[in-house]
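Notes follow the structure.
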Amino acid sequence: AAHEGLRYERVMEAYRKNMRLPSQTLLCPITVSLSPSEMSSYETIANKLSELGFQIEIFGRDAIIIRSVPAVMSGQDVVAAVEALLAKGENVSAEDLLSEERLYMVACKAAVKGNNSLTSGAIVQLLHDLAVTDQPGTCPHGRPIVVEISKNDIERRFKRIL
């Protein structure tokens, strides 16, 4: 939840300020097949994706090649994040494709999942980043990132009540 919140905050800050996020070139570019509506979505927001730190090229009629991603997404599920951005309903504008909700989905897809292991260095960095964030209490879903457990609660759980 902490990682997700931090990713979301960085993506939204860059989007609101029209900043370019630092990019991470992928060692192996990823080819993604797209439906016609997803391709249309891509063409609609290609420039904005570039500004957010993606380097994506059209590859034939129904595919794209992802060559780099915003550094905040490196090592995460890039394909799921891009597909979440490009999912399109009827009459969806460019603004809708890059809405706060869509960018939130990108952050969610790019975040470390509960079953992933983190190195001690990554944990320290995550806690440091969390300490300087604007929203350290909850993730974008509203789930708590930090909870306080009193000494009495801990003692009670371990049947150590004095």
- prompt: Going through region 45-83 one residue at a time, which ones are under 20 Å from TYR8 (Cα atoms), in a strand (DSSP E or B) and of a type in the set (A, V, I, L, M)?
  reply: VAL69
- prompt: So which pairs qualify, if the first residue must be in region 131-156 and closer than 11 Å to GLU9 by Cα and open to solvent by less than 100 Å² (accessible area, probe 1.4 Å), the second must be modelled with pLDDT under 80 and aromatic (Phe, Trp, Tyr), the Cβ gap must be under 6 Å, and the two must be at least 6 apart or on different chains?
  reply: PRO140/TYR8; PRO140/TYR104
- request: Considering only region 49-77, state which residues are within 20 Å of PRO36 (Cβ to Cβ), surrounded by 15 or more Cβ atoms within 10 Å (Cβ to Cβ) and not aliphatic (A, V, I, L, M).
  value: PHE59
message: I'd like the full set of residues that are open to solvent by 50 Å² or more (accessible area, probe 1.4 Å) and either within 29 Å of ASP62 (Cβ to Cβ) or not basic (Lys, Arg) (or both), limited to region 10-29.
response: GLU13, TYR15, ASN18, MET19, ARG20, PRO22, SER23, GLN24, THR25, LEU27, CYS28, PRO29
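The values are calculated or read from the model by the stated rules, or taken from the named source; none is laboratory data. Predicted, not measured: the structure shown is a model, and the values here were computed from it. A quick note on method: Cβ atoms are made from the backbone with ideal geometry, for glycine too, and the neighbour counts reach across all protein chains shown. Calculation scope for accessible area: heavy atoms of the full protein, side chains included, ligands and nucleic acids excluded. Shrake-Rupley method; radii C 1.70, N 1.55, O 1.52, S 1.80 Å.
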